[in-house]
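Colleague: Okay, here's the structure, questions in a sec.
The values are calculated or read from the model by the stated rules, or taken from the named source; none is laboratory data. Here the structure is a predicted model, which is why all the values come from computation and not from measurement. Cβ sites come from the backbone with ideal geometry, for glycine too, and all protein chains shown count toward neighbours. Please note that ligands, DNA and RNA were not included when accessible areas were found on the heavy atoms of the full protein model with its side chains. Shrake-Rupley method; radii C 1.70, N 1.55, O 1.52, S 1.80 Å.
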Amino acid sequence: MKCDNRAVVVTGASGGIGSATCERLRKDGYWTIGVDRVAAIGGHVDAHTVRDLDVVGRSDAEATVAAMEIRSLAGGRAIHGIVHAAALQLFGPIELLPVEDFLRAIIVNVAAPY
């Protein structure tokens with residue numbers, strides 16, 4: 001399928017699942033925009049922005065700036081979709097995990113891609 005005019009945003013683009021997703025989307029002809037806390041290494045994305053989803057998910061202002069940057073990186077292409085491959089995993093006994101850690105996981109895993 002030729003998708004030259006379509007972009008897909010991939011969060012967690014520097015990780016294993018995110019980078020593999022970007023590679024596959026590029027093979028299918030999509031323009032890929034990676035979002036991650038660290039810069040993308042290698043050529044698996046067409047464009048990349050370094051963003052901490054914990055910050056983006058907590059602030060309307062940060063979310064607006066991130067959205068504007070992503071639209072700019074799309075270069076006029078329609079944003080066809082988002083693959084949310086970023087995630088914050090919590091480990092340990094539930095009674096020992098602070099509520100703030102749980103809330104941070106909800107922000108990164110649910111609110112930020114919204």
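Colleague: Place the peptides 75-82, 90-97 in order of packing, highest mean first, counting for every residue the other Cβ atoms within 10 Å and averaging per peptide. Mind showing how you got there, number by number?
Modeller: On the way: 75-82: 13.5, 90-97: 8.0.
The packing order, highest mean first, is 75-82, 90-97.
Colleague: For the chain, compute Rh as the Kirkwood radius over C-alpha pairs and then the Stokes-Einstein diffusion coefficient at 37 °C and 0.692 mPa s; write the answer in µm²/s, rounded to an integer.
Modeller: Working: Rh = 14.6 Å.
It comes out at roughly 226 µm²/s.
Colleague: Give me the 1.4 Å probe accessible area per residue for the chain, excluding ligands and nucleic acids, in Å². All intermediate terms of the calculation are to be shown ahead of the outcome.
Modeller: Values: 6960 Å² over 114 residues.
Here the per-residue accessible area is 61 Å².
Colleague: Ignoring ligands, DNA and RNA, what percent of the accessible area of the chain is carbon or sulfur (1.4 Å)? Display every interim value, and only then the final one.
Modeller: Values: 4030 of 6960 Å².
Reported share for carbon and sulfur atoms: 58 percent.
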